[in-house]
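The next block holds one structure in the form of structure tokens; read it before the comments.
The values are calculated or read from the model by the stated rules, or taken from the named source; none is laboratory data. Note that this is a predicted model, so its numbers are computed, not measured. FYI the Cβ positions are ideal-geometry reconstructions off the backbone, even for glycines, and counts take in every protein chain you see.
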Amino acid sequence: MVGPFQFLLAIRNRWPKAHRHLGRLYLLCVLAGSCAAISATVIRAAGVHAQVGFGLLVVCWLLLGWQSYRAARQRRFRDHRIR
């Protein structure tokens with residue numbers, strides 16, 4: 001529920017602190033979702049296709065979240081917006 005608000009220009013430009021706090025909350029949610037997806041991958045109740053899907057979801061979420069956070073911290077805002 002937090003993710004879409006990160007793309008609103010009004011929040012990003014007018015309230016940059018809110019954008020930063022929402023971004024950190026989003027990353028915590030990604031971490032929690034990744035843990036859930038890892039457990040779904042290990043359980044293997046839905047078959048190999050679900051395992052691959054959940055595994056790729058975890059990799060993409062964590063990789064892109066880390067890259068976006070790192071770009072923002074390094075003040076590379078163009079790269080941050082792409083990710």
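Is one or more of the residues making up segment 10-24 within 11 Å of the chain's Cα centre (by Cα) and under 19 Å from TRP66 (Cα atoms)? Within segment 10-24, one or more residues are within 11 Å of the chain's Cα centre (by Cα) and under 19 Å from TRP66 (Cα atoms). Taking the stated definitions as given, is SER34 polar (S, T, N, Q) and modelled with pLDDT of 90 or more? It is true that SER34 is polar (S, T, N, Q) and modelled with pLDDT of 90 or more. Summed over segment 35-83, the residues that are under 30 Å from ASN13 (Cβ atoms) and not hydrophobic (A, V, I, L, M, F, W, C) give a count of 14.
Pairs linking a residue in segment 58-83 that is under 19 Å from THR41 (Cβ atoms) to a residue that is assigned to a helix (DSSP H, G or I), with Cβ atoms under 6 Å and 6 or more positions apart or on different chains, are VAL58/SER34; VAL58/ALA37; VAL58/ILE38; TRP61/VAL30; TRP61/SER34; LEU62/SER34; GLY65/LEU27; GLY65/VAL30.
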